[in-house]
Amino acid sequence: MRKFLDQKALHYVLAFMLTFGYVLSVTATDAKNQELITIKDAWVRPTNPGQEVGAAYMTFLSTQDATLIGVESDVTKSVEIHNMSMGNGVMKMRMMEKLPLVAGKPYKLAPGGFHLMLFDLKKPLNIGDQVNFALTFKSKNKHEFKQNIKVMVQSPAEASTTK
Ligand SMILES: [Cu+2]
């Protein structure tokens, strides 16, 4: 049984890498959780000169109820989960401590809604750059695990045609 589960997990990780071309760094303890969350359509918005705040977008699909509880990146020490919404005709951004994912329901982070906000950028984000993210999730049984993804900086127009 143990062996079967490990092989199944490995199969999912390989299928995921082949399908999306992401490079995952998988540790032994994380391997059995990698199949839980699929991350796709990820892109980072390029910054304008002098702009120290950026945004990243992606779609999560989890095979079971899970929660995104933290995000780290190599371009900043400060990443927040934000939601943007209209209130009294004004766009408002709200910081969220966590993002609950319901099993089987795609959760799309996109311009005008949910996004990952990158503060105090260490460098400008130019089209074609690669940004590394480490996402920390908590599973239904309270087990925490990390998933690493590499995301390209793309123009919004390019991102919308390929996503
Ligand atoms: Cu924001």
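The values are calculated or read from the model by the stated rules, or taken from the named source; none is laboratory data. Not measured: the values here are computed from a predicted model. Heads up, the Cβs are rebuilt from the backbone with ideal geometry, glycines too, and the neighbour counts pull from every protein chain shown.
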(message) If Asp65 meets every condition in (1) within 16 Å of the ligand (Cβ to nearest atom); (2) touching a residue at least 40 places away in the same chain (Cβ under 8 Å); (3) more than 24 Å from Gln154 (Cα to Cα) apart from one, which number is that one?
(response) (1)
(message) Considering only residues that are more than 16 Å from the ligand (Cβ to nearest atom) and farther than 16 Å from Ile149 by Cα, which ones fall in region 70-86?
(response) Lys77
(message) I want to confirm something. Restricting to region 107-129 and keeping residues that are within 16 Å of the ligand (Cβ to nearest atom) and assigned to a strand (DSSP E or B), which single residue is surrounded by the most Cβ atoms within 10 Å (Cβ to Cβ)?
(response) Leu118
(message) For the structure I just gave you, tell me whether Met95 is surrounded by 12 or more Cβ atoms within 10 Å (Cβ to Cβ) and either in a strand (DSSP E or B) or in contact with a helix residue (DSSP H, G or I) (Cβ under 7 Å, 6 or more places away or on another chain) (or both).
(response) no
(message) I need a count of the residues in region 52-71 that are small (Gly, Ala, Ser) and more than 18 Å from Lys123 (Cβ to Cβ).
(response) 3
(message) Checking the condition under 17 Å from Gln154 (Cα atoms) and either out of contact with any Leu (no Cβ under 6 Å at 6 or more places or on another chain) or within 14 Å of the ligand (Cβ to nearest atom) (or both), which residue from Gly54, Gly104, Gly89 passes?
(response) Gly54
(request) Of the numbered conditions (1) modelled with pLDDT of 95 or more; (2) in contact with a helix residue (DSSP H, G or I) (Cβ under 9 Å, 6 or more places away or on another chain); (3) assigned to a strand (DSSP E or B), Phe145 fails exactly one; give the number of that condition. (result) (1)
(request) Inspect region 66-80 for any residue being of a type in the set (A, V, I, L, M), touching an Asp or Glu at 6+ places or on another chain (Cβ under 8 Å) and not in a strand (DSSP E or B) and give the result as yes or no. (result) no
